[in-house]
Amino acid sequence: MAESTILMVDDEAEITQLMSIYFNNEGFKLLKALNGLEALEILRNHPVDLIVLDWMMPEMDGLQACMKIRETNSIPIIMLSAKSQDIDKISGLSIGADDYLTKPFNPLELIARIKSQLRRVNQFNTPPAGANEIHIENVTINIASHTVTVDREEVKLAPREFALLQMLAVNRGMVLSMDRIYEEVWNEPFMQSKNSVMVHIRKLREKIERNPREPQIIKTVWGIGYKIENDPKPRGE
């Protein structure tokens, strides 16, 4: 984690300058961009472990940049915004952000959220022994390469979407409550964050289900949470 590279995209130089002090203290390498277009150019030329992305910027704003990044990249994204309404947070999560922090923010909280995202990515990139691939109907989850294919075509999942799918797949047949999902995937206390879980489940279904409105893989257990059914027969039998 000490060698992680953070790309901070914000047109407010004071915020970037302040955070550079905290990033330096944590041993992070910091790359800076003033807008979404600069961020995309940096991503084409430099390896980045996490993006801190402001919503309101000139040239290309954070929402546009996030959607563009998600076309090809599953890197963790933490969105910053002065917009504090629930609908704004849901919008940010819906288009691909993994976390959302309202301005003004505590720099130490942002650092904690960055560490949480990096820790989660490292955790779910480490495959359990003997379980490099999980097959569920027409979906294949490769734990080692952190990839998912549907009908043999690779689909791009955000890190949190992959972590969520992996958690459900590893615990097939078990109903996982929203609070357990949130605490394990988000790596923080639940605190009534149902919307975050529901948004990510919906996005995940849109990518892996043949008919997201009638999901056959990720089942809702009303009032409790979600599950993936046990396969009646092991693959290949």
Amide H partners (placed H, <5 Å) of Lys83, local residues excluded: Lys103
MRE, 222 nm, helices only [DSSP H, n ≥ 4, -39500 (n - 2.57), over the chain, to nearest 500]: -12500 deg cm²/dmol
Crossing angle, helix 13-26 versus the chain [Cα axis fit, 0-90 degrees, rounded to tens]: 60 degrees
Angle between the chain longest axis and helix 194-208 axis [Cα atoms, degrees, rounded to 10]: 70 degrees
Low-density loop positions, trypsin sites (Lys or Arg not before Pro), region 135-175 - DSSP coil, at most 15 other Cβ in 10 Å: Arg152, Lys156, Arg172
Under Karplus coefficients 6.51, -1.76 and 1.60, residue-wise ³J(HN,Hα) of region 103-113 in Hz, glycine/proline x: 7, x, 10, 7, x, 5, 5, 4, 4, 4, 5
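Hey, what D do you get for region 5-124 in µm²/s if you plug the Kirkwood alpha-carbon radius into Stokes-Einstein at 25 °C and 0.890 mPa s? Each step should come with its number before you reach the end.
Numbers: Rh = 14.1 Å.
The estimated diffusion coefficient comes to 174 µm²/s.
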5 Å-binned pair-distance histogram of region 1-63 (Cα, whole percent): 4, 20, 30, 24, 16, 5, 1
Label corresponding to log10 I(q)/I(0) by the Debye sum over Cα atoms at q = 0.10, 0.12, 0.15, 0.16 Å⁻¹ when calculated from the structure given, among [x] -0.49, -0.66, -0.95, -1.06; [y] -0.47, -0.68, -1.04, -1.16; [z] -0.41, -0.59, -0.93, -1.07: [y]
Amide H contacts under 5 Å for Phe190, placed H, 5+ residues apart: none
Taking the C-alpha atoms of region 133-228, convex hull volume expressed per residue in Å³: 90 Å³
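If you average over every viewing direction, what projected area does the convex hull of the Cα atoms of region 51-91 give, in nm²?
Numbers: hull surface 11.9 nm².
Quarter of the Cα hull surface area: 3.0 nm².
Using the 2.2 N^0.38 Å rule of thumb for compact globular proteins, work out how region 71-114 stacks up: its C-alpha Rg over that value, please.
Details: Rg = 10.8 Å, N = 44, 2.2 N^0.38 = 9.3 Å.
In units of the 2.2 N^0.38 Å rule of thumb, it is 1.17.
Laboratory data are not the source of any read-out in this text; all were calculated from the coordinates shown. Note that the structure is predicted; figures quoted are calculated from it, not measured. Every residue, glycine among them, receives a Cβ derived from its backbone with ideal geometry; neighbour counts consider all protein chains shown.
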